[in-house]
Every structure is written in C-alpha cells, then in structure tokens.
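Data block below; observations after.
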Amino acid sequence: RLAAQRMGVELTQAQTAAVLELHTGGVQDLRDGLLAVRQAHQLILERKPVPAEPMVLHAGEQHWGPWLVRLTRGEASPAEEAHTVLLRDTGESLTIAAWDGAGRLAVENGSRTIKRLFADKGIPPEKRGEHPALYRGGRCAAVFGVAVDAEERPAPGEPALAVTLE
C-alpha cells in the first residue's frame with residue numbers, strides 16, 4: 001500500500017486483498033492507471049501506458065502514438081514481414097487502435113479469443129494493451145505480432161492493403 005501511495009494512488013482494502021491474492025503470478029488492474037504485476041517472487045507496481053486515440057488510416061504515412069504507420073495498396077504477396085500486416089482491400093476504412101481487450105480471430109486451427117492468442121505467443125497480460133490492432137467495421141481484423149483474421153487475409157494476386165509499423 002505504501003508503494004502505491006508513493007505513486008499517488010490510495011488502495012482500498014479490497015484492492016490490497018486482490019493484489020495479495022496474486023500469489024505466484026498474475027496481473028491486477030488497480031485504479032488511476034496503476035497495475036500490480038506479480039512474477040514469481042517479485043511484485044511490481046507500474047503505470048499503464050496511455051494508449052493513443054483510435055485513428056482511421058489513409059494511404060501513405062501517418063503518425064499514431066509512437067509509431068509511423070504506412071498504408072500502401074497493391075497485390076497480395078506471400079511474404080509478410082514482422083511489422084507488416086496484409087489485409088484484403090475491401091474499400092472499407094481501417095482503424096488502428098490499441099487492442100481493446102476483446103474479440104476473436106479466425107486462425108488456421110479455428111476461432112480463438114485474442115486473449116488466448118496472446119497467451120499462446122507468450123505475451124504477458126500487462127503488455128497486451130500496448131499492441132496495436134487493426135479494426136474494420138468495428139471488428140478486429142488483426143493484432144500486430146499476434147494474428148490476422150483468416151477472412152481478412154488476401155489471396156495471392158488479390159487487391160491488398162499493407163499496413164507497416166515503424
């Protein structure tokens with residue numbers, strides 16, 4: 001509680017109990033942007049980064065939070081780079097935003113929650129809100145470094161959008 005006070009947050013008794021319940025691992029979202037992260041024999045209190053506001057993407061370069069985002073149109077190619085996502089070019093706008101904590105993506109072995117996909121990639125819960133995601137029509141189409149929805153992947157030679165983060 002003293003560490004939280006030093007960070008300007010007064011924890012309630014219930015929040016303190018929730019942090020103590022973490023035992024050997026986990027994350028507890030506290031108040032005022034504070035996270036308690038328990039890893040083995042270590043308890044870390046940290047501030048959640050403030051995500052950039054959602055932004056509709058346009059062809060060319062634009063800045064979103066700390067990222068330079070490049071959207072280009074062309075034909076789908078089989079190779080996808082680590083910081084590039086290829087999506088079908090449907091003419092519908094794309095929005096980039098921090099992952100909102102919900103949703104499912106269709107992947108090669110069926111439909112999975114994005115939360116499960118993060119876990120499969122070994123990305124800890126406290127880092128998931130920092131991952132940029134692409135939304136189309138209010139639905140998550142892709143999460144950078146995690147997965148692209150199967151319905152959003154272009155076939156070879158099909159019109160495609162390439163979204164690159166730098």
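The values are calculated or read from the model by the stated rules, or taken from the named source; none is laboratory data. Only a predicted model underlies this, so the values are computations on that prediction, with no experimental measurement involved. Here the Cβ positions follow ideal geometry from the backbone for every residue, glycine too, while neighbour counts run over all protein chains shown. Surface accessibility is based on the protein's heavy atoms, side chains included, excluding ligands, DNA and RNA. Shrake-Rupley method; radii C 1.70, N 1.55, O 1.52, S 1.80 Å.
The figures follow:
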read-out	value
Cβ-derived FRET efficiency at R0 25 Å, Gln39 paired with Lys121, nearest 0.05	0.90
Additional length obtainable on full extension of the chain from Glu61 to Glu108, 0.36 nm per residue less Cα span	13.8 nm
Farthest positive-ward along the chain dipole, Cα basis, beta-carbon charges - from Pro156, Leu11, Val69	Leu11
Overall form of region 1-59 per C-alpha gyration tensor (a/c, 1.5; a/b vs b/c)	prolate
Summed residue charge, Cβ within 10 Å of Ala142's Cβ, Lys/Arg positive, Asp/Glu negative	0
Loop-resident sites, region 9-87, for GluC sites (Glu not before Pro), counting at most 11 other Cβ within 10 Å (DSSP)	Glu10, Glu21, Glu81
Region 54-166 shape via C-alpha gyration tensor axes, a/c threshold 1.5	oblate
Accessible area per residue in Å² at 1.4 Å probe, computed on region 76-166	48
Contour excess over end-to-end distance, with Cα ends at Asp100 and Ala3 and 0.36 nm allotted per residue	32.1 nm
Neighbour-limited loop hits for trypsin sites (Lys or Arg not before Pro), region 2-101 (at most 13 other Cβ within 10 Å; DSSP other than H, G, I, E, B)	Arg31
Three-way shape call for region 2-104 based on the alpha-carbon gyration tensor, with the a/c threshold at 1.5	prolate
Filtered GluC sites (Glu not before Pro), region 98-134: DSSP coil and at most 15 other beta carbons within 10 Å	Glu108
Nearest-10 value in Å² for the accessible area of Thr84, using the 1.4 Å probe	20
